[in-house]
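Visitor: Dumping the structure here so I can ask a few things about it.
The values are calculated or read from the model by the stated rules, or taken from the named source; none is laboratory data. Computed from a predicted structure; not experimentally measured. Counting neighbours? That spans all protein chains shown, and the Cβs are built from the backbone with ideal geometry, glycine included.
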């Protein structure tokens, strides 16, 4: 009985028609995603189109006030098309493919395509990029994202050890309550702005009493909602007004923003006899090793300000592994350690600070293996076809007299 329902399903997933439809939809996704890079930039477009199950394309810009800007053409995202293509390829391989040495090249090609799709998902789910700014003589064991944010509570009670409670803030909404058993207090998000203009109020500017504690009332800061930006050289100033409860006791409100960084005094409060710092910052990734910047060099062509080379002389220290390793990071010569790759990306503060781009991609070797398999499969398949002996057609005599006849006397003459 089950074969009656399973066979039509297998015919659907193994059909060439499904393959063509999925490939056409994939090309449409790439086409419309490329068009939307003008509005959303590379990173946001990648998240919307290729790291989602469904996306709506709209020719109107995101800042448009037209009601139609909230709708659009529905398209299957990369997280939907990828598994369907993978399922279609595997189903066709196991259901229709019959193994033989003459088809070994096709098997290698299909294996390479499967591995290429898998590598995309490994990179999408497990890979990330971070930035690490280090001053000369400084040491860091963390890097931060320039696309994601987090609200943190830091227990500052112990002298040489901070305990950090962190929560992603990119999807918060006004009125949301964070009441986690691990948290020593309860947080209520009264206002949340994905992007805001935080500035000091002028003499004729009215400041709403949104925050009762911290930097906002002390410095006269006000936050005004602003449209989200997706430009490559800009970032969104995530800002929130957070009310803190110590049990049933209301401790007041704080304005937190990724603009209020280390240049501002920390915003602290007392709860349960302990000192806590509250902040909204770029999301951090901590490592079991640290990197010390001994020297940053910025060479220029003589007589010009044109950069010739810039490099970072660093020392990697890993107490758990007993490693202390020196390395020079410069263009096309990154540092690889602990599953991470550190690239020389930028510099600041009159050549005294270096910015390293930190990339983690557990599947970075998979595309190379996949392309090698596809190339090897093409060579094998064409090679077998080239060297395969050709079959000669031989004529045989038949009872109907169709065989070879001796020449006639006239032809001999």
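Visitor: Kindly establish whether residue 120 is out of contact with any strand residue (DSSP E or B) (no Cβ under 9 Å at 6 or more places or on another chain), at pLDDT below 90 and surrounded by 16 or more Cβ atoms within 10 Å (Cβ to Cβ). Please lay out each step first, then the result.
Guide: Working: out of contact with any strand residue (DSSP E or B) (no Cβ under 9 Å at 6 or more places or on another chain): yes; at pLDDT below 90: yes; surrounded by 16 or more Cβ atoms within 10 Å (Cβ to Cβ): yes.
When the stated conditions are applied, residue 120 passes them.
Visitor: Quickly run through region 275-308 and pick out the residues that are at negative phi and at pLDDT below 90. Steps first, please.
Guide: First, pick out the residues of region 275-308 that are at negative phi: 275-302, 304-308.
Listed by number, the residues that qualify are 298, 299, 300, 301, 302, 304, 305, 306, 307, 308.
Visitor: While we're here: Kindly check whether there is at least one residue in region 67-77 that is buried (at least 17 other Cβ atoms within 10 Å of the Cβ), over 29 Å from residue 340 (Cα atoms) and at pLDDT 90 or above. Give the steps one after another, and end with the answer.
Guide: At the first step, the residues of region 67-77 found to be buried (at least 17 other Cβ atoms within 10 Å of the Cβ) are 75-77.
Cutting the leftovers down to over 29 Å from residue 340 (Cα atoms) gives us 75-76.
This time we only want the ones that are at pLDDT 90 or above, so: 75-76.
Yes: region 67-77 contains one or more residues that are buried (at least 17 other Cβ atoms within 10 Å of the Cβ), over 29 Å from residue 340 (Cα atoms) and at pLDDT 90 or above.
Visitor: So is residue 149 over 32 Å from the mean Cα position of the chain (by Cα) and within 30 Å of residue 354 (Cα to Cα) or not?
Guide: The answer is no for residue 149.
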